[in-house]
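The values are calculated or read from the model by the stated rules, or taken from the named source; none is laboratory data. Computed from a prediction, not measured in an experiment: that's the story for all the values here. No Cβ is skipped: glycine too gets one built from the backbone with ideal geometry, and neighbour counts run over all protein chains shown.
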Amino acid sequence: MSTATPLVPRKPAPLYGPPPENRIGRKLWAWRMNLSTTFAAYMFEPWELYFMFTICVLVTVTFWMSVITYYPSHIAYLSRRFSYYVFDDETIDAGLVFRQWISREAGRLWEGVKGLGGAKEL
């Protein structure tokens, strides 16, 4: 007795499960699906996937470490250069000048807002 093989093979089961019921789990599942399909991660073997994500994590950590360590000193340098070119003196605090300007403009704006809600003239 021979068993007949179907002419059309069955579809293989997907390698991912259905989305979870809770909201946070569904968001994480959607994020994972988006990331996996963007980088075609389902084509990779497990060791390739591990290698790719390791490289991505290392690059990301290196980038943020350089931003955290280098960026504040670079902002201070740019502030001094801005003060030199605009005010012709590096010792002027450009942040103080901008804070004074912002507070002055906010005061003018507040006076205009207070004038809108005042007593109406007849």
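Taking segment 29-62 as the range and being β-branched (Val, Ile, Thr) and modelled with pLDDT under 90 as the test, the residues that pass are THR37, THR38. Residues in segment 59-101 that are of a type outside the set (Val, Ile, Thr) and either touching a Phe, Trp or Tyr at 6+ places or on another chain (Cβ under 9 Å) or in contact (Cβ under 8 Å) with a residue 60 or more places away in the chain (or both): GLU90, ALA94. Cβ-Cβ distances below 6 Å connect the following pairs, each with a first residue in segment 39-54 that is small (Gly, Ala, Ser), a second residue that is modelled with pLDDT of 85 or more, and a separation of six or more residues or different chains: ALA41/LEU49.
Quick check: anything in segment 99-114 loosely packed, with under 10 Cβ neighbours inside 10 Å and within 25 Å of PRO19 (Cβ to Cβ)? No, the conditions are met nowhere in segment 99-114.
Note on segment 71-122: residues that are at pLDDT below 90 and of a type in the set (S, T, N, Q) total 3.
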